Amino acid sequence: MTAPADEASAVTSLLRLRTWTRPHRKAIIVMIVSASGAMLAQSLVPLIVGRVVDGPIRHHDTAGLWPLAGVALLFGLAEATLFFIRRYAMANAALGLETDIRRDLFAHVQRLPVSFHDQWPSGQLLSRLTTDLSTIRRFIGFGFVFLIANSATAVVVLALLMHIHLVLGLFVLVAMAPLALFTRRFELRYSRDARHAQDLTGDLATSIEESALGIRVIKSYGRRPQMLASFSRDAQRLRGAELTKIRTLAAFWALLEGLPQLILAGVAFGGVLAVAHHAMTLGQLVAFLTLYLRLIWPIVSLGWLLALTQEAASAARRIFEVMDTRPTILDPAEPAAAERGTTVRFDDVRFRYADADTDVLRGIDLDIRAGETMALVGGTGSGKTTLTALVPRLYDVTGGRILIGGVDVRELRLDQLRHVVSTAFEDATLFSASVRENLTLGRAGISEDDVSEALEVAQAGFVHELPFGIETRIGEQGLSLSGGQRQRLALARAVLGRPRVLVLDDPLSALDVNTEAQVEAALRRVLSGTTALVVAHRPSTVLLADRVALLLDGRIAAVGTHSELLATVPEYRNLLAQTSELEPTP
Ligand SMILES: Nc1ncnc2c1ncn2[C@@H]1O[C@H](COP(=O)(O)OP(=O)(O)OP(=O)(O)O)[C@@H](O)[C@H]1O
Ligand SMILES: [Mg+2]
């Protein structure tokens, strides 16, 4: 998603990282102090060189050389020690900071509702959690520290230059002034360029992810050349954006490199004149020139330090775009004590997706009695999945309410609600973990018997034949399972621990007739004690239910037993016609 860059200045967005820098403040101060110290130690050496020229060299005094050489050596040692300290503190603080932000960002993304994830391509989240965070780490551990250390060095060196020779020193200062103007223009341009490149990185991550997930479709439809072409186009666009960045940086850098050389020529000329007129000693001129050379690096480094700062600022902005999205599905301020009973009631429920302009559900009224199994039948795209997602509050209704045991689901604590309501979705998602972990998902208080029972109900005995039984790793990083096997595990996950309300979105669609019959038989046992809403496409699934609700045009058009609806509702007959001819009706 290419969100418009907000106009907050780089400093404002970087300042917002304060929350995370706080625990590392000491280490950051150590970094700044040691970096500045090292730079200063390095800058002071020219003064000693000046003394060497005016003292031992001029007077041919080799003995006088030793103390000065000793001091220079001390400066060198100090610089090395400070360098070590800075690198160590940097690794600690910057890596710690990156880990902290990453953890908080991930936790936040997990808290955000499904509707957020509908709108944000996963690649944009991925690039924020990876590249943007490492940009920030480089800035905190490096850019920020050297921005301060180099500025401090520049100020000290300029002061020393003026101390050695006021007029020449002032000349340097004035000649450098145009840089300030160009720096501002550079920052504005580079900030825009950097943002553009970061957004394109996110788009690229999205296409990599989609093509990895959709590799079967791509291959079997022979779409590889097209995918490659469109990927290359994206990659080229990113290349173009990066080149624009580099062009901006190169122009600025040329100025940063060129200007100091011109000034050097002026300084050398002025210095020679000053020495000729005895306004300056030769040693002072040598000190001035070597010291001036030490000024070039802090000035030149400004180019990439400011570039890094802009990149970090726009990375921070991109991260805060996510962080500033408030979770909309939250625990109630005053949660209801507990649901009383397990009836499920839809009371004039309306729902519209965030980016849609019509309601999917237009006033659903439906009562499911405690312990009853209600099948939900409706055409493709009629809103069945949407309706099931509203019960555990994956989305919140946009009108009306859903009551469990007479309590509005929005008045229950989320963990409580999701403990009462268990769901299995159309696409059986498995994680890269063992079968057991995929079933329990870390829920506490699940016994071995619960697991066996759930596997039995879902007819998922096949897991015992896997190489390591129930401890076998499955999912993307493990063993691949068939569609039917996945569905049975998702079903086992849903019935695990005998939830009081069960919501199943077409749980038997990928099963062969034999397995389907077995799962149904076992499911019938579970469903007998549970209030359930089961989306059904086939008569065999419908037959598990006590009653059937027909979803038509966003409303419940009819409720009754399967045979009642077959007899009285033509739309229902049409929906189940093709398959029902093959199966005996009771
Ligand atoms: N995340 C979403 N954002 C916007 N619109 C959506 C979203 N999910 C579904 N829709 C739209 O809502 C309507 C109902 O979709 P839903 O998935 O609930 O249908 P369904 O009855 O489950 O269909 P099926 O039988 O094919 O599973 C469809 O028109 C669909 O395009
Ligand atoms: Mg569906």
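So, restricting to helices (runs of 4 or more DSSP H) that lie completely within region 1-93, which ones have at least 3 residues that are within 30 Å of A205 (Cβ to Cβ)?
10-15, 18-21
Please list, ordered by residue number, the helices (runs of 4 or more DSSP H) wholly in region 425-529 having 2 or more residues that are within 16 Å of ligand 2 (Cβ to nearest atom), among the small types (G, A, S) and crowded, with 18+ Cβ neighbours inside 10 Å.
483-495
Given the conditions (1) modelled with pLDDT under 90; (2) farther than 30 Å from R18 by Cβ; (3) buried (at least 22 other Cβ atoms within 10 Å of the Cβ), report the number of the one that G141 does not fulfil.
So the condition that G141 fails would be (2).
Can you pull out the residues in region 374-394 that are part of a loop (DSSP other than H, G, I, E, B) and within 6 Å of ligand 1 (Cβ to nearest atom)? Spell out how you get there, then give the answer.
First, pick out the residues of region 374-394 that are part of a loop (DSSP other than H, G, I, E, B): 379-383, 391-394.
Residues satisfying the conditions are T380, G381, S382, G383.
Just to be sure before I move on: is L305 in contact (Cβ under 8 Å) with a residue 60 or more places away in the chain, outside any helix (DSSP H, G or I), away from ligand 2 (no atom under 16 Å from the Cβ) and more than 20 Å from R547 (Cα to Cα) in the structure I sent?
no
Quick check on my filter: what residues within region 357-383 are within 10 Å of ligand 2 (Cβ to nearest atom), surrounded by fewer than 23 Cβ atoms within 10 Å (Cβ to Cβ) and under 18 Å from L543 (Cα atoms)?
none
State the number of residues belonging to region 521-571 that are under 22 Å from R498 (Cβ atoms) and of a type in the set (D, E).
1
Can we say D203 is surrounded by 20 or more Cβ atoms within 10 Å (Cβ to Cβ), charged (D, E, K, R), touching a helix residue (DSSP H, G or I) at 6+ places or on another chain (Cβ under 8 Å) and in a helix (DSSP H, G or I)?
Taking the combined requirement at face value, the residue does not satisfy it.
Kindly indicate the residue of region 384-416 that is touching a residue at least 60 places away in the same chain (Cβ under 8 Å), under 30 Å from the mean Cα position of the chain (by Cα) and within 11 Å of ligand 2 (Cβ to nearest atom) and also surrounded by the fewest Cβ atoms within 10 Å (Cβ to Cβ) among those meeting that condition.
Here the residue is T385.
When you go through G483, G469, G475, G461 one by one, which is the residue that is within 16 Å of ligand 1 (Cβ to nearest atom) and more than 20 Å from P392 (Cβ to Cβ)?
Exactly one of G483, G469, G475, G461 is within 16 Å of ligand 1 (Cβ to nearest atom) and more than 20 Å from P392 (Cβ to Cβ), namely G483.
If A510 passes every condition in (1) without any contact (Cβ under 8 Å) to a residue 24 or more places away in the chain; (2) within 16 Å of ligand 1 (Cβ to nearest atom) but one, which one does it miss?
(1)
Mind checking whether some residue in region 352-359 is closer than 20 Å to L112 by Cβ, in contact (Cβ under 8 Å) with a residue 24 or more places away in the chain, assigned to a helix (DSSP H, G or I) and under 28 Å from the mean Cα position of the chain (by Cα)?
Taking every residue of region 352-359 in turn, none turns out to be closer than 20 Å to L112 by Cβ, in contact (Cβ under 8 Å) with a residue 24 or more places away in the chain, assigned to a helix (DSSP H, G or I) and under 28 Å from the mean Cα position of the chain (by Cα).
How many of the residues in region 208-225 are over 18 Å from E476 (Cα atoms) and either loosely packed, with under 13 Cβ neighbours inside 10 Å or among the small types (G, A, S) (or both)?
So the count comes out to 6.
Among L166, L173, L129, which is over 30 Å from L47 (Cα atoms) and without any contact (Cβ under 8 Å) to a residue 40 or more places away in the chain?
The unique qualifying residue is L129.
The values are calculated or read from the model by the stated rules, or taken from the named source; none is laboratory data. All values derive from a computational prediction rather than experimental measurement. Virtual Cβ from ideal backbone geometry, glycine too; neighbours counted across all protein chains shown.
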